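These notes are about the structure you will find just below.
The values are calculated or read from the model by the stated rules, or taken from the named source; none is laboratory data. Just so it is clear, the structure is predicted and the values come from calculations on it, not from any experiment. Positions of Cβ are backbone-derived with ideal geometry, glycine not excepted, and every protein chain shown enters the neighbour counts. The protein model used for the area step is the full one, side chains on, heavy atoms only, and it has no ligands, DNA or RNA in it. Shrake-Rupley method; radii C 1.70, N 1.55, O 1.52, S 1.80 Å.
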Amino acid sequence: MANIIITGTSRGIGLELVQLFAHEGHQVLALSRNEKPVADLKLPNVHNMAFDLGNPTDFEEVTKFLKEWGTVDVLINNAGSLLNKPFLETAQEEFEAVYKVNVFGVAEMTKTVLPKMGKTGHVVTISSMGGVQGSMKFPGLSAYSSSKGAVITLTELWAEEFKETGPSFNVLALGAVQTEMLEEAFPGYQAPVTALEMATYIKDFALTGHKIYNGKLLQVSSSTP
């Protein structure tokens, strides 16, 4: 059984991932600003921690916890911040806030966990089709989609830098999935994929994808948006 860390576990795909891994018997560290949804599940092999990717002191608490585990097999950078607002109306502070979570937070989380990961470890970062160069873009998502593009490039860089020692790094650019975040970005749109269906795919990829891929962007999308 593996030791799994997942960020953004209070709803949607992240919450489904916690349950899928736990029911298979893996040890899970669930990190989210709102810890109640995971706590309510009362799963014995799930460790739950209130965590904000934008708060530097929270990373210190993760480091303390990892002394108990010793090793980490999988890190899933799932947490994300969405801003749907016209570019000319977006304040610099709002733009920075998105990047603080989606880019700088992902980088700091990865840096925190890497010393505990070995050659066969796997870092999976969740991006968006909106961050893929040449994909269809939507107005109002300048901060969000550009930040998701940044973590694609970060993944490629990490894979190169750690190719001799591991772990493996891959990034999944998701298309439309029926989650609360999708409803915030595209009110009224009905996605063809449920959060559970996507979480099932991500779970399997996180456990086995590193055997085939490293430094790769996989476009996990059947529709637009």
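Numbers at a glance
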| item | result |
| --- | --- |
| Surrounding net charge for His122, when Lys and Arg each add one and Asp and Glu each subtract one, Cβ distance under 11 Å | +1 |
| Solvent exposure of the chain as accessible area per residue, Å², 1.4 Å probe | 48 Å² |
| 0 to 90° range, to nearest 10: angle between helix 56-69 axis and the chain longest Cα axis | 30 degrees |
| Principal axis box of segment 87-164, alpha-carbon based, largest edge first, Å | 44, 27, 16 |
| Cross-link pairs beyond the 25 Å C-alpha cut-off, checked among Lys137/Lys216; Lys137/Lys163; Lys36/Lys100; Lys148/Lys216; Lys67/Lys148 | Lys137/Lys163; Lys67/Lys148 |
| Cβ-based net charge around Thr71, under 15 Å, with every Lys or Arg adding one and every Asp or Glu removing one | +1 |
| Given (1) 154; (2) 117; (3) 175, the label whose value is volume of the Cα convex hull per residue in Å³ derived from this model | (2) |
| Local net charge near Asn3, Cβ-Cβ under 12 Å (Lys/Arg +1, Asp/Glu -1) | -1 |
| Cross-link partners of Lys116 among aspartates and glutamates (Cα-Cα below 13 Å; sequence separation of 8 or more within a chain) | Glu68, Asp73 |
| Kirkwood estimate for segment 142-197, i.e. one over the average of 1/r between Cα atoms, Å | 13.4 Å |
| Most positive-pole-ward Cα, Asn84, His122, Trp69, against dipole of segment 1-153 from beta carbon charges | His122 |
| ³J(HN,Hα), Karplus 6.51/-1.76/1.60, whole Hz, each residue of segment 77-93, x for Gly, Pro | 7, 9, 4, x, 10, 10, 10, 10, 7, x, 4, 5, 9, 8, 6, 4, 5 |
